[in-house]
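The values are calculated or read from the model by the stated rules, or taken from the named source; none is laboratory data. In this text, all values refer to a predicted model and were calculated from it rather than measured experimentally. Cβ placement follows ideal geometry from the backbone for every residue including glycine, while neighbour counts extend to all protein chains displayed. Ligands, DNA and RNA are excluded from the accessible area calculation, which covers all protein heavy atoms including side chains. Shrake-Rupley method; radii C 1.70, N 1.55, O 1.52, S 1.80 Å.
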Amino acid sequence: MNVATLISEGKAKQLLTTENPEEIQVHYLNQATALNGKRKEHIDDKGVVNNQIDSLIYTYLGQQGITTHFIKQLSPSDQLVKKMTMIPLEVVIRNYASGSFQRKFNTDYLMAFEQPVQEFYYKSDELDDPFINDSQIHALAIATPEQLAQIRDQAFKVNEALTRLFAAADITLVDFKLEFGFDAQQNLILGDEISPDSCRLVDATTHDSLDKDVFRKHTGDVMDGYRTVLSRLQATVK
Ligand code: C5P
C-alpha cells in the first residue's frame, strides 16, 4: 500500500512520508528557482536529470566513507533518504572565485585559491540567507563548536572527493553548498541535494558553465549543461 503523503514542498523538491518513520521519499520537480525563490520556472526533464546526478554523487560519497542521508534511488524522479532534522546553515566551499565571492571582493573570475574557502550562511528565506560567522552561530545556539568543527571537516572531505570525481569527468568544481543535520539516532550527517543546482561546475578546458548560473544569468538552455554533467559522470563512474 502506498502511504506517501506530502510533508513539504521546497524550491525544486517534494518530501513525502514512507512506511518507515525514519525514512522519507524525495521527489524531484521539473522546476528551477533563482533570487531565493522569487523567480520560478518549469523546466522539462530537470527533476529526472538532477535525481540521477544527485544519486550518483551520493553513491560515490558513500563509497568514499562520507556518512550521508542517501539510501537508494527509487525511480527516475524519486529517491529514499534518511529523515533528518536539518541544521539551518548553508555550508559553502569555494575552490575558485565566482558568484558572491567575486562580487564582494572584486576578484578575477575563477581566481584559484591556495586553500579552499569555507563560508556559512544562515538559512532563512525571510532574511535572504545572510552570511554568519562562528560566534554568531554560537550566540544563536545554531550549533556547538564541536558540531561546527565536524561540519567543516566533513565539508572539506566532500570537497576533496567531489573535486576528484568531477576532474575525472573533465569538469572543474568551482564552488558548492552543503547542508547537514541529524538522523533519528542523532548522528550528524550530510543531507540535501548535491547537483548543478547547488554546485558551480565549468568545463575543465573551455570553462563553459554547466550549472544553474546559465538559468540565473539567462545565457542559454540550462539543461544542456546538466545533461553534459550527467553523461560525463555516468561515463566516469561506470
Ligand atoms: O552565490 P554564491 O557565490 O554565494 O554561491 C556559492 C555556491 O553555493 C554556488 O555553487 C551556489 O550554487 C550555491 N548556493 C546554493 N544555494 C544557495 C546559495 C548558494 O546552492 N541558497
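Scan region 199-216 and give yes if some residue there is under 25 Å from residue 97 (Cβ atoms), in contact (Cβ under 8 Å) with a residue 40 or more places away in the chain, open to solvent by less than 70 Å² (accessible area, probe 1.4 Å) and away from the ligand (no atom under 12 Å from the Cβ), otherwise no. No, there is no match, as no residue in region 199-216 is under 25 Å from residue 97 (Cβ atoms), in contact (Cβ under 8 Å) with a residue 40 or more places away in the chain, open to solvent by less than 70 Å² (accessible area, probe 1.4 Å) and away from the ligand (no atom under 12 Å from the Cβ). With respect to the stated conditions, residue 98 fails to be more than 11 Å from the ligand (Cβ to nearest atom), under 30 Å from residue 217 (Cα atoms), open to solvent by less than 50 Å² (accessible area, probe 1.4 Å) and of a type outside the set (Phe, Trp, Tyr).
Looking only at region 113-166, which residues are part of a strand (DSSP E or B) and among the hydrophobic types (A, V, I, L, M, F, W, C)? Answer for region 113-166, where residues must be part of a strand (DSSP E or B) and among the hydrophobic types (A, V, I, L, M, F, W, C): 113, 117, 120, 131, 132. So how many residues does region 1-31 have that are among the charged types (D, E, K, R) and in a loop (DSSP other than H, G, I, E, B)? So the count comes out to 3. From the list 38, 104, 11, 83, the lone residue that is of a type in the set (D, E, K, R), open to solvent by 50 Å² or more (accessible area, probe 1.4 Å) and over 27 Å from residue 222 (Cβ atoms) is 83.
Would you point out the residue of region 83-114, among those that are out of contact with any Leu (no Cβ under 8 Å at 6 or more places or on another chain) and hydroxyl-bearing (Ser, Thr, Tyr), that is farthest from residue 145 (Cα to Cα)? If we take residues in region 83-114 being out of contact with any Leu (no Cβ under 8 Å at 6 or more places or on another chain) and hydroxyl-bearing (Ser, Thr, Tyr), then 109 is farthest from residue 145 (Cα to Cα).
Here 220, 181 are screened, and the one residue that is open to solvent by less than 10 Å² (accessible area, probe 1.4 Å), modelled with pLDDT of 95 or more and not in a helix (DSSP H, G or I) is 181.
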